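The values are calculated or read from the model by the stated rules, or taken from the named source; none is laboratory data. Since the structure is predicted, the reported quantities are computational estimates derived from the model, not experimental observations. Backbone-built Cβ (ideal geometry, glycine too); neighbour counts: all protein chains shown.
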Amino acid sequence: MGNVPVILMCVGATKAGTTWLHDQLYAHPDCFLRTIKEYHYFSTTAPADWDKKIQETSAEIDQLSSRGQGGLSADQQRRLADLQSWLPIVQRRAVEPAVFAQYLRAGAGAAKLVGDFTPAYSIMSGKGLKPMLDMGAVKILYLMRDPLARLWSHVRMVAQRAASDATGEDQFAATCADVLQKTLQGGQEGIVRRGDYASNLPKLQRIFGPRLMVMFTEDLLTKAGFDRLLAFLGLGPMQADLTRRVHEGRALAMPAALRAGALRFLRPQYDFIADRFADVPQAWQAAMAEFTTAPTTHKVLI
């Protein structure tokens, strides 16, 4: 492929460290990442979704442009330039892998890697994922975080979006408990699907084969794990900020009364991964040690 940069498609999972990784690689000298982290390009198909994407992009361009170049920081100027070159792509209202690849690589110079970090891609159908292979040199990354920690983080994110800044701790805790209970009772399908490793992983492996790297988030956040990822991506060494956390949201412990039920709900995910990986992180092992003899209540999504 000569000097053409590899395209990294980080496809999830949600709340598994994709934003942290984007921030780290954004600063890597071998990478050229734009200020747009999640493009949702391959998952945009309906006319109304294209309309929304165009409207949101145009609105942000107008907001930044209204301040004038002198009123923008260097990062904001780069954001404006990225959005201005992105708008014509979405205005085409079609998924065109070659066009998207050209956009990602435009201006990359001697960089070895460009990319898109959209967790929602992991829940797409195989038909929707396959066009990614038409972008040429592409590598896929799927991150898996301890199911219980991932679920609770996702629940808190949903609850926080529904709350105002003035929402008290008791009300926020009640909202989180309500969202979690609805999830365990079969609602909140989006939360469930984005953490459904047992359905998402085989699909990704079938479509992408050796182009796919699967990592535990807990391993990624170690020097050895991060170095292993850099090697897979063909990047030079870099000192990552392993202590930094991104989008943690409001801190709140999971109620003990709901924890056992959440673990029963998630047991198929733990069992699926434990059957396929010889070494699972300590956080996963600690959660699995809490399993009771109560019957499993959740069926893996197919």
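Results, tabulated for the structure shown:
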quantity	calculated
Breaking point among (1) in a helix (DSSP H, G or I); (2) surrounded by fewer than 20 Cβ atoms within 10 Å (Cβ to Cβ), for L229	(2)
Candidates L133, L151, L83, L87, filtered to the one that is part of a helix (DSSP H, G or I) and in contact with an Asp or Glu (Cβ under 9 Å, 6 or more places away or on another chain)	L83
Looking only at region 25-58, and only at residues there that are farther than 28 Å from G128 by Cα and of a type outside the set (D, E, K, R), the one that is surrounded by the most Cβ atoms within 10 Å (Cβ to Cβ)	H28
Selection within region 255-280 - surrounded by fewer than 19 Cβ atoms within 10 Å (Cβ to Cβ), modelled with pLDDT of 95 or more and outside any helix (DSSP H, G or I)	F277
Single residue of W86, W50 found to be out of contact with any strand residue (DSSP E or B) (no Cβ under 9 Å at 6 or more places or on another chain), closer than 29 Å to V155 by Cα, of a type in the set (F, W, Y) and modelled with pLDDT of 95 or more	W50
Test: residue in region 9-25 that is in contact (Cβ under 8 Å) with a residue 24 or more places away in the chain, within 23 Å of E96 (Cα to Cα) and part of a loop (DSSP other than H, G, I, E, B)	yes
Region 120-133: number of residues that are polar (S, T, N, Q) and either surrounded by fewer than 21 Cβ atoms within 10 Å (Cβ to Cβ) or within 22 Å of L252 (Cα to Cα) (or both)	1
Count of region 130-148 residues which are of a type in the set (A, V, I, L, M, F, W, C) and either more than 29 Å from F226 (Cβ to Cβ) or under 15 Å from the mean Cα position of the chain (by Cα) (or both)	4
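For every residue, the table says whether it meets (1) among the aliphatic types (A, V, I, L, M); (2) surrounded by fewer than 18 Cβ atoms within 10 Å (Cβ to Cβ).
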position	(1), (2)
V99	yes, yes
A106	yes, yes
F117	no, no
M135	yes, no
D146	no, no
Q171	no, yes
